[in-house]
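Where a number appears in this text, it was derived from the coordinates with a stated rule and is not lab data. None of these values were measured; they are calculated from a predicted model. Neighbour counts are summed over all protein chains in view; Cβ atoms, including those assigned to glycine, are modelled from backbone coordinates with ideal geometry.
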Amino acid sequence: MNLPSFLWLWKIAAWSMVLTILAYLLQCLSGSIVWYARTTRIRRPSWLRTFHYTSGIVMVLLVLLLLGIGLIGTIGHYGSLGQSSHLVAGILVVLLTLVSAWSATQINSRNMWARNLHLTVNILLCGGLIFVSFTGWQVVQKYLP
């Protein structure tokens, strides 16, 4: 298949990546407020936990959308996977995002490890998002005139 037939797919991927990074930044901000409220023992806004969970769910859905677009687009254009390091970066981000989401559901007073895992994975996810953005930009450069 030729690239112009996939141009709409790449546009969706670009917007999804921007929204994923925005969701990640919102997660960082709301998570920092949750952490601050917990450590200083002040009451956090009642809507904050719902916002943090909702933006996390949106981020997971966007990352899964990006995975689907990447698989369909790459197989459709090349006929196989493994054309660049972007595949490794993408799979890394998907795994980190899913581990982060899973660990968030495990956080409670009995599972103190879950909070530490969640924070550690999200720090690693920052690096993963930078890596996948960089490798994605390299892929895009192949198609620009």
Revision key, fill the gap. Cβ pairs under 9 Å, 6+ apart or interchain, first in the stretch 6-32 and in contact (Cβ under 8 Å) with a residue 24 or more places away in the chain and surrounded by 15 or more Cβ atoms within 10 Å (Cβ to Cβ), second among the charged types (D, E, K, R) and part of a helix (DSSP H, G or I), ordered by first then second residue, are Ser30/Arg49
Check your understanding: Does His52 satisfy the criteria of being touching a helix residue (DSSP H, G or I) at 6+ places or on another chain (Cβ under 6 Å), over 18 Å from Ile12 (Cβ atoms) and in contact (Cβ under 8 Å) with a residue 12 or more places away in the chain?
Key -> yes
Point to revise | Residue match in the stretch 56-65 (condition: over 19 Å from the mean Cα position of the chain (by Cα) and not aromatic (Phe, Trp, Tyr)) | key: no
Revision key, fill the gap. For the stretch 55-68 the number of residues that are touching a Phe, Trp or Tyr at 6+ places or on another chain (Cβ under 8 Å) and within 18 Å of Val140 (Cβ to Cβ) is 0
Check your understanding: Do we find that Arg38 is within 20 Å of the chain's Cα centre (by Cα), more than 30 Å from Lys142 (Cα to Cα) and part of a helix (DSSP H, G or I) in this structure?
Key -> no
Revision key, fill the gap. Among residues of the stretch 105-134 being small (Gly, Ala, Ser) and in a helix (DSSP H, G or I), the residue nearest to Leu66 (Cα to Cα) is Ser133
